[in-house]
Structures are given as C-alpha cells and as structure tokens.
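J.: Take a look at this one; I'll ask things after.
Just so it is clear, none of the values below were taken in a lab; they were calculated from the coordinates. These figures come from a predicted structure and were not determined experimentally. FYI the Cβ positions are ideal-geometry reconstructions off the backbone, even for glycines, and counts take in every protein chain you see.
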Amino acid sequence: MNKRADLSPVIVFIMLFALLAVVLYVMFGEGLLPKAVEGASWLIDKTLGGVKKDNQEKTQTTTEVKGIEEAFGNLLSVLRNEANGPCIFNRNQLPSDFQGFKITLSKSDQGIFVQLINKQRQTLDSKTINGRVPCVVSEGNAADNFYKTYLANTKCSSCFPDYSVAEVEFQDSSSIYVNGNKRGLSDGGLVYKTKDGNICFFPTYSGGALNPIDWVRKWGCDAASEGLDDDCINEIKQQIPACK
C-alpha cells in the first residue's frame, strides 16, 4: 500500500506530460517535441530520485530504531536476572550511537521504571521491573566501599553500601548518565548482581585523571565518587564469581 501511495504521483505526472507532449505535437509539430521530452525526463528523474532518497532514509531510520529497541529489550533481560548475588555477568553491547534516542531507568513505587524515548522526547515503550531499584557502583562512597570489599589487598567485611540508587540514562555505548552526570562506561560489559538482588552498572573513569599527585595509584585499580578506575574491570572478573 505504501509503495502505491509513493509512486502514484509519479505515474500521474508521466501521464500528464505524455498528454502535454501530444498536444504540443498537434499544435506546433515535431520541433518542440524533443525539448518537451527532455524536460519531462529531467523532472521525472528528479521526482524518482526524491522518492528513492525518502525510501532510503525511511529504511535507515527503521534500522536505527530496531537496534535501539533490541538494546531496550536486552537491558530489560539484564534487570530481570534472577541469579543469587553477589556475582557478576555480561550484558549485551549497546549501540555505539543511539541517534538521539535514549533509555532511562528511574525509581518508582513498584520498582525500576524503564523507558525508551525517541528524539522528540516521546516514550515509545516502557516497562516496570518490580521489587528492584536502578543502581550504580558510584556516587558518594559506593565505589570506594566496593573496592575495599572486593579488590583491595586487605578486604573489608563491613564496607557498605557498595552501590548507589540513582537515575540512570543510556545514550551510547561509551557513557552512562548518573543523576544527570555523564560518566564513562569502559566496563567490559559487566554488571553487578548485589547480595540483595539489584542489578548495578559500573561507571568508570580513566586512570590518571583522579589525583595527579598520587601517581603510584593512578595507573592501577582505584575508586572515586564517579566510579571505578577502568583498570579494575579485569580484577573484578578475577575476584567476584560469575552469576550462575
């Protein structure tokens, strides 16, 4: 049905020019006919080219939306994980660029309210993950507590909380927005299943940017209010068991 709707103006256009060519031939003879045909060909090419371009743009947009919708579904699956924590597991890779779309996670009375929002800020889809909260290993002392509990040479048995409840937003694969603040996401695709059942993401920063004076620690695994040093990811894989 859509193809007919797109091509019907072109067909009418051709028919009108054919009729015009006949009229010109009858009135003025063969002299004007080649120019009329040439003009008609040029206009038809322009019209068909516009239709082709529109179809290509529609196909591209549909592909982009499909990729974002798949990412939305994958994140829902991650947030519904039923393994017993503490443990870690891998999520699917997010699209490198959401093309103006975004996926948001916010706390509600029922649980995590997850939304897929388009460029026009319209909600295309939404779901609620009951009984859980959106969370990150960052903000305040959360990342530092996580570091001391699992990654430090001397482990801490009572360093809590090791995550923060937060408003989370995804717009691409390399960053995560936490309460409106942009953080890095060089997390190797890892997520953290907490002991109390929540699924938390790992905001990261690049070593060396935290404290120029403390050059001994800046090249290794460390923690700050904005999250974990991205050098911690491999250590997390070694120190925390995979979810079963």
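J.: How high is the relative contact order of the range 83-239, in percent, counting Cα pairs under 8 Å that sit 6 or more residues apart?
T.: Result for the range 83-239 is 25 percent.
J.: Let me ask something else about it. Once the other residues with Cβ under 13 Å from the Cβ of Ser174 are scored (Lys, Arg +1; Asp, Glu -1), what is the net sum?
T.: -2
J.: Over 22 Å between C-alpha atoms is what I'm after, so list which of Lys66/Lys244; Lys155/Lys193; Lys66/Lys107; Lys182/Lys237 land there.
T.: Beyond 22 Å between Cα atoms: Lys66/Lys244; Lys66/Lys107; Lys182/Lys237.
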